[in-house]
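Since the structure comes first, as structure tokens, the remarks are kept for the end.
Readers should treat all values here as calculations from the given coordinates under stated rules, not as data from a laboratory. Predicted model, so just to flag it, every value in this text is computed and none were measured. Glycine also receives a Cβ, built like all others from the backbone with ideal geometry; neighbour counts cover every protein chain displayed.
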Amino acid sequence: MQISGAQMVIEAFIAEGVDTVFGYPGGAIMNVYDEIYKQDKFQHILNRHEQASVHAAEGYSKASGKVGVAMITSGPGFTNAVTGLADAYMDSIPLVVISGQVPMSLIGTDAFQEIDAVGISRSCTKHNYLVTDAKDLPRILKEAFYIARTGRPGPVHIDIPKDVTAQIEEFDYDIELDLETYKPHTKGNPRQIKKAIEAIAKAKRPLFYLGGGIINANAAYEVREFVQKTGIPAVETFMARGVLSFDDKLLIGMLGMHGSYASNMAMSETDLVIGLGVRFDDRVTGKLSEFAKNADVIHVDIDPASISKLVNADYPIVGDVKNVVSDMLEQVGKIDSNNYESWRETIINFNELHPLTFHEDSERIKPQWVVKRVGELLGDDANISTDVGQHQMWAGQFYPFTRPRQFISSSGLGTMGFGFPAAIGVKAASPEKTSINFTGDGSILMNVQELMTAVEKKIPVINIILNNNFLGMVRQWQTLFYDKRHSETDLSVQPDFVKLAEAFGGIGYRVKTKEEFDAALKDAVEKNVVAFIEVIVHRMENVMPMVPSGGSLFNMMLLEKKGDK
Amino acid sequence: MTEENQRRVVSVIVINEASVLSRITDLFSGRGYNITSLTVAPIPDSRYSRLTIVTAGSVRVIEQITKQLHKLIPVLRVYEHEDMVEKEMAMIKIPITENLSDINILCEAYNGKIVNTGENTIIAIVTDEPKRIDNFLNAIKRYNPKEIVRSGAVALER
Ligand SMILES: Cc1ncc(C[n+]2csc(CCOP(=O)(O)OP(=O)(O)O)c2C)c(N)n1
Ligand SMILES: [Mg+2]
């Protein structure tokens, strides 16, 4: 069929089963928007900033497991989207992001709204394309979706000059992809797997170290079975929250900078780390030379570049976690879970010594209470997004996650402003669940314009603003490491968040007591509208435990015991 | 894992397409690594090109760069070993007033010769291992070379 480049984009979306596109139009992408207008196969959600479009596509992808799609114009449209691309790249989120470009004849002339988009996106995408001929477009579109979702997933950017979107060529999407240079291996080496199983069987204090790659690979249920059958305790990274259910007896908790005492101690005492879909991020390992010092390391990952990048793997296994764990399950009979009984007891003791908890305050709500309370009231019925800061860590620590893809947060890049648009994408992907965004008084203002998107499209996201009148996480570091010099982190001057929500047609609540909070959340869920629930929380609360940057995991600052003061 | 800087030669086979070179060089520049030399040319009868990159860096970082190179979509293969046969070419322009027979003898010792004579200058070419090219360029200094151009190393694994 002979169609324009713009129509090809639409046809490819339909063929790929895309049902939602997030974006923002402008001159260079108008031909494609014209075709969007004419079709009814997918919905387009107009965000109010291109960064938000990409974050929404990320949220959509994370909640659904599908490739997220965003569309933007050239120049400032594209540069606004770069933070989103970088965020998706760091967290291995499969996206296809399409940008308009000035016509071919004007490229390189400093034309109006011209920027070297592929030059900028090269270092923050898995792959990118500048399309110079519509003849290539069917192949490029198909490759883009394929590359985004296979191997270690990631964002793929396609920059299309305006004249190419007008060019009419033959469209055939039933083509075989010929990617001779891109063949992700998905099957783990059987010999290595056998050796790993033997190592596990011999270990005395083995420990699962579960990462976000498990969620990307849709392998959580295989991992649950593996953990169950081996009786080996597990720690999760921030990105892996929900791989195991919070009430799984073998789940010790989250590890890392704000991990629980028991998790970090377990990692320090283990003799065999079983890393699945992890990348030994510095926020997880602390001081590398002290990390799991006495342990051998099994490392399963789809990305060969992640293996032995930071921590040497004694048993490297390159492959899709789902395949590798399935293969391991076939040999699970060689592992006797009774062997680890005393190790499990050790961990229980760690947990009893310093459980993950917080102290209530009679005057003000503690932010941790809010997270726990939402967990009690909504639990499995909610998907949880977050912004970046203390509230994000508390969400990771205290929410009772029950399933993979329930928790959506900017981990690798730590992008303030991620939460609200992501929660819009999450709700679009998963309308049957309540979409909660835990946010801060700092972060929410970084994409607050999304109130308009959510209200217009009737996407009822509930934003719970844990208002501490501070850029809390930075304030915490200043308090602890900069002798309380709170430089530029005091947010005493604030908007009226209730009126702000109302100005856009949402509902706002301002709560100071637990009773008010319960009532507000109940009301917002029932009314099913876009909401801000501003909770006035304790200003000086710190996220604990804390491993100071570059310190060893076992050297944690801990919550003061009650009465210590 | 040693951290000291070492000279490394990396060969990369890539699809011969726009922007592939920047994808590769970005991996070096993004880590603050300098590329000492870089050669590229198409591989006959194929859609591929071969790059030879000479760089210096810690073994660990170069290993990481090598893995990242593998990850680039248009990269087919990466070779990074010690055991390569390496050659480099140098061209020099020398005033015709110098002792040409001495120059010719010197060039021959480095697999080269005078390839062009003009009105005022001659051009000589030598081809040898990069280290020996260094030596040659030192030796030729006394003949007042006006211009020197080095090709950068090409290499094949044994
Ligand atoms: C875009 C961006 N700018 C700056 C930072 C650095 N930063 C990390 S946390 C934080 C404070 C966030 O404040 P708030 O949203 O109120 O959350 P709180 O820590 O108070 O819960 C800042 C400024 C960041 N992560 N992202
Ligand atoms: Mg705050």
Multiply the residue separation of A:K202 and A:V498 by 0.36 nm, subtract the distance between their alpha-carbon atoms, and state the gained length in nm to one decimal. 100.7 nm
Given an 8 Å cut-off on Cα distances and at least 6 residues of separation, report the relative contact order of segment B:12-158 as a percent. 26 percent
Per residue of segment A:81-86, what does 6.51 cos²θ - 1.76 cosθ + 1.60 with θ = phi - 60° give for ³J(HN,Hα)? Whole Hz please, x for Gly and Pro, Karplus curve as stated. 7, 4, 4, x, 4, 4
Please name which of A:N80, A:S487, A:L46 has its Cα lying farthest along the dipole of chain A towards the positive end, using unit charges on Cβ (Lys, Arg +1; Asp, Glu -1) and the Cα centre as origin. A:S487
Scan around A:G551 for amide H atoms under 5 Å from its own, H built in the peptide plane at 1.01 Å from N, and keep only partners 5 or more places away or cross-chain. A:K287
Counting DSSP beta bridges in the protein assembly as shown, what percent are antiparallel, to the nearest 5? 40 percent
What is the set of long-range amide H partners of A:N447 at a cut-off below 5 Å, with H atoms built 1.01 Å from backbone N? none
Quick check on segment A:367-536: of the DSSP beta bridges with both residues there, what percent are antiparallel, nearest 5%? 5 percent
Trypsin sites (Lys or Arg not before Pro) lying in DSSP loop within segment A:466-513, provided at most 11 other Cβ fall within 10 Å: A:K484, A:R485
With DSSP loop assignment and no more than 14 other C-beta atoms within 10 Å, the GluC sites (Glu not before Pro) in segment A:329-423 are A:E360, A:E363
In terms of Cα to Cα distance under 24 Å, which lysines are near enough to B:K131, apart from those fewer than 8 places away along the same chain? B:K87, B:K93, B:K113, B:K141, B:K146
Per-residue [θ]222 nm for chain A (sum of -39500 (n - 2.57) over DSSP H runs n ≥ 4, rounded to 500): -10500 deg cm²/dmol
Which whole-angstrom value gives the distance between the alpha carbon centres of segment B:143-158 and segment A:260-299? 48 Å
Evaluate the relative contact order of chain A (contact order divided by residue number), counting alpha-carbon pairs under 8 angstrom at least 6 apart; express in whole percent. 14 percent
In whole angstrom, note down how far apart the Cα centers of segment A:91-122 and segment A:3-29 are. 16 Å
In segment A:155-233, GluC sites (Glu not before Pro) in a DSSP loop with at most 11 other beta-carbon atoms within 10 Å: A:E176, A:E180
Taking R0 as 22 Å and r as the Cβ-Cβ distance between B:Y79 and B:N135, the FRET efficiency 1/(1 + (r/R0)^6), rounded to the nearest 0.05, comes to 0.25
If each of B:R150 and A:T186 carries a label point 7 Å out from its Cα toward its Cβ, how far apart are those two points in nm? 4.7 nm
In a GNM of chain B with a 10 Å cut-off on Cα contacts, which of B:S29, B:S46, B:S11 has the highest mean-square fluctuation? B:S46
For a 30 Å ceiling on Cα separation, which of these pairs sit above it: A:K202/A:K287; A:K457/A:K499; A:K204/B:K71; A:K142/A:K162; A:K249/A:K484? A:K204/B:K71; A:K249/A:K484
Which is farthest toward the positive dipole end of segment A:2-170 among A:A12, A:Y146, A:A63, measuring Cα position about the Cα centre, with Cβ charges +1 (Lys, Arg) and -1 (Asp, Glu)? A:A63
Alpha-carbon centroid distance for the pair segment A:33-86 / segment A:351-399, whole angstrom: 31 Å
Can you list the HN-Hα couplings for segment B:39-48, worked out from phi with the Karplus curve (6.51, -1.76, 1.60; θ = phi - 60°), rounded to whole Hz and with x for Gly and Pro? 10, 9, 7, x, 8, x, 6, 8, 8, 10
